[in-house]
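Q: My structure is below; once you've seen it, I'll send some questions.
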Amino acid sequence: MNFAPKAVALCALLALAACNNPDKYGAGNGVVDPGGTYGDGGISQGSINDPNSPAYFNATIGDKVHFLVDQSTLTDEARTILSGQAQWLVGHPQYAAIIEGHADEQGTREYNLALGARRANSVQEYLISQGVAGSRLRTVSYGKERPLAVCSTESCFSQNRRAVTVISLGAGS
Amino acid sequence: MLRIVLAALAAVSLTSAPVLAQQGPLRIEITDGVIEPLPYALPGFVAETADAGKMAADITSVIAADLSGTGLFREIPQSAHIQRFASFETPVSYADWQAINAQALIVGGVAMSGGKVVVKFRLFDIYSGQQLGEGQQLAASAASWRRLAHKVADVIYSRITGESGYFDSRVVFVSESGPKNARAKRLALADYDGAGLQFLTDSSTIVFAPRFSPTGDKVIYTTYETGFPRIKLLDIANVRASLLPEVPGTMTFAPRFSPDGQWVVYSLEQGGNTDLYKMPVNGGAPVRLTNSPAIETAPSFSPDGARIVFESDRSGTQQLYIMPASGGEPTRISFGEGRYGTPVWSPRGDLVAFTKQHAGRFHIGVMRTDGSEERLLTSSFLDEGPTWSPNGRVIMFTRQSAGAEAVSNLYSVDISGRNLKKVDAVGQASDPAWSPLLP
């Protein structure tokens, strides 16, 4: 059986931010992950009790914000979380971030991809407005391809309409 | 082997005294009014060489599956047949077929000859007591026997309905496996009925929404292999693929070919905003087609290449619009309740198929290109992404069930809304795109 040539060893070829292939979930299927690790941007996560650790960023500040149905406007709750994210990123310039936008399954595939991009962009713009250099941020949308919660009711949909700020080591580090 | 070589496929007149092509009573006008399928008899094709027995049986069964699968024809079981054909040349006893209420009779023979399969067949109109059209002979390599059977069924379908068939065609789609939150996806190809499944990519990254080139030899699709959605063009014959150029820092997705195969229309996202562009397939500068702060995606060319139907949420929700293929002011065509997406122009040019989302349900529907005569064909928790059969009579789409253990399958339905069925043979799948009729 023939396959299309696989994309491996992309890190050497791609620009820095893309080096942490954000399709970490795709790598969970027992195949090569160009980024080398799953979901941590290839970096040590550290302890959630250490305010300088990505683990602290993810768990204590919160790496996710949520959105209303078919919306990309930031809620007050989202702004609070993102302000915390921005403060941390400003204080830890060695890190960069990829912002993933996601949608729930209640939409068509390509529209949801565009909607996820809107959500990721809302987060990116807010972080920039809070002092994070745009050069440290990149966005990607997964549309409805990577739900976090798998039920088909609003309790899951509301968790899946999200943007996730994934920390990675940035330039020069 | 990925490539099916159809060598020396010849359509040759068999009969020494050809019957005039006639428009007898044996005719189905495919309209919404057709409900009672036409009864036909298909005796097992006669094995004309000693080694052709299994091939003859297999070909007969594929022809029957094609015809009966349309919902327009009903096979009279062979156990009810009175006349038996010892030879392809055995004269037809019309009374024997009238007695079991057959309206059409198909008689055929299969021979193996130097690694090739040779199939010949005749179609008879039982009530008018004569042959319908000329006998035909087709030959191909043994590996292509299914295509031969599909071609025979296409001819029969065409003679009885007056429209071209769709059986000798393929579907490219996304094969799915694994849990809902880490779904593995890979591009796959199969005959329209799900037979002959082949994979075109591995499952190392997300892929979606493949489309055939107008000649059916290439596939264009969206892949995450760089970590970001990008458009890739794959040559089916050698399974080689290459990424189309992109603007750094953007996402590109939802590619479709123009009918002349020269252009790809697609969505480009930059700074959170998604617009439509087109670029020459063989390189050259992209042309921007829309310029709005809304989401514009899911484009589809009209068959004449002059216009593009697409979806936009510029009104506040997803709706369907048509614009000239060069860009310019679009006209909204969807005005019903709910959200409309994934428009696909029919091969005949008269209809647009779409996905409609309303009151928590998804539907596949069709409307005229001016938005009139909207009809919903399906309803479920999640139906999306219609694609047209080459003759514009059948629509295939993705149906996903609800819940943590959700499954995703390909389904097809007539544009009358009848004959809904699952394309079972390919397993879990999504995003089908139907090829043109194969050459």
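Q: Answer with yes or no whether B:Gln198 is over 29 Å from B:Val394 (Cβ atoms), polar (S, T, N, Q) and touching a residue at least 12 places away in the same chain (Cβ under 8 Å).
A: Taking the combined requirement at face value, the residue does not satisfy it.
Q: Another question, then. Can you find, within region B:295-326, the residue that is farthest from B:Gly365 (Cα to Cα) among those that are charged (D, E, K, R) and away from chain A (no Cβ under 14 Å)?
A: B:Asp304
Q: May I pose another question? (1) more than 26 Å from B:His358 (Cα to Cα); (2) polar (S, T, N, Q); (3) out of contact with any Asp or Glu (no Cβ under 8 Å at 6 or more places or on another chain); (4) surrounded by 20 or more Cβ atoms within 10 Å (Cβ to Cβ): which one isn't true of B:Thr252, the others all being true?
A: Looking at each condition in turn, B:Thr252 falls short on (3).
Rundown of residues vs (1) at pLDDT 50 or above; (2) in a strand (DSSP E or B); (3) within 14 Å of chain B (Cβ to nearest Cβ); (4) more than 15 Å from the chain's Cα centre (by Cα), yes/no style:
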| position | (1), (2), (3), (4) |
| --- | --- |
| A:Pro5 | no, no, yes, yes |
| A:Leu10 | no, no, yes, yes |
| A:Asp23 | no, no, yes, no |
| A:Val31 | no, no, yes, yes |
| A:Ser44 | yes, no, no, yes |
| A:Ala55 | yes, no, no, no |
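Q: Moving to a separate point now. Working only within region B:177-196, note down all residues that are within 11 Å of chain A (Cβ to nearest Cβ) and either surrounded by fewer than 23 Cβ atoms within 10 Å (Cβ to Cβ) or assigned to a loop (DSSP other than H, G, I, E, B) (or both).
A: B:Ser177, B:Gly178, B:Pro179, B:Lys180, B:Asn181, B:Ala182, B:Arg183, B:Ala184, B:Arg186
Q: Can we say B:Ser213 is modelled with pLDDT of 95 or more and within 21 Å of B:Val265 (Cα to Cα)?
A: Against the criterion (modelled with pLDDT of 95 or more and within 21 Å of B:Val265 (Cα to Cα)), B:Ser213 qualifies.
Q: A further question on this structure: Quick check on region B:217-272: of everything there that is more than 22 Å from B:Thr201 (Cβ to Cβ) and assigned to a strand (DSSP E or B), which residue is farthest from the other protein chains (Cβ to nearest Cβ)?
A: Residue satisfying both the conditions and the ranking: B:Trp263.
Q: While we're here: If we scan region B:157-170, do we find a residue that is within 18 Å of the chain's Cα centre (by Cα) and assigned to a strand (DSSP E or B)?
A: Yes, that holds for at least one residue.
Q: List the pairs whose first member sits in region B:368-396 and is free of Cβ contacts under 8 Å to residues at least 40 places away in the same chain and of a type in the set (S, T, N, Q), whose second member is crowded, with 21+ Cβ neighbours inside 10 Å and outside any strand (DSSP E or B), and whose Cβ atoms are under 6 Å apart, counting only residues at least 6 apart or on separate chains?
A: If the second residue must be crowded, with 21+ Cβ neighbours inside 10 Å and outside any strand (DSSP E or B), no pairs are left.
Q: Residue by residue through region B:119-162, note down the ones that are out of contact with any helix residue (DSSP H, G or I) (no Cβ under 6 Å at 6 or more places or on another chain), closer than 19 Å to B:Thr90 by Cα and without any contact (Cβ under 8 Å) to a residue 40 or more places away in the chain.
A: B:Phe124
Q: Considering (1) part of a strand (DSSP E or B); (2) of a type in the set (A, V, I, L, M, F, W, C); (3) closer than 23 Å to B:Ser412 by Cβ, say which one B:Val110 fails and leave the rest.
A: (3)
Q: Could you list, in sequence order, the residues of region A:84-128 that are touching a residue at least 40 places away in the same chain (Cβ under 8 Å) and over 16 Å from the mean Cα position of the chain (by Cα)?
A: Of everything in region A:84-128, those that are touching a residue at least 40 places away in the same chain (Cβ under 8 Å) and over 16 Å from the mean Cα position of the chain (by Cα) turn out to be A:Gln87, A:Val90, A:His92, A:Pro93, A:Gln94, A:Glu105, A:Gln106.
Q: State whether the residues of region B:103-114 include one that is modelled with pLDDT under 95 and on the phi > 0 side of the Ramachandran plot.
A: yes
Q: Still on this structure, please answer the following. Looking only at residues that are of a type in the set (D, E, K, R) and touching a Phe, Trp or Tyr at 6+ places or on another chain (Cβ under 9 Å) in region A:50-69, which one is farthest from B:Ile295 (Cα to Cα)?
A: If we take residues in region A:50-69 being of a type in the set (D, E, K, R) and touching a Phe, Trp or Tyr at 6+ places or on another chain (Cβ under 9 Å), then A:Asp50 is farthest from B:Ile295 (Cα to Cα).
The values are calculated or read from the model by the stated rules, or taken from the named source; none is laboratory data. Keep in mind that what you see is a predicted model, and the values were worked out from it rather than measured. Note: ideal-geometry Cβ built from the backbone for every residue, glycine included; neighbour counts use all protein chains shown.
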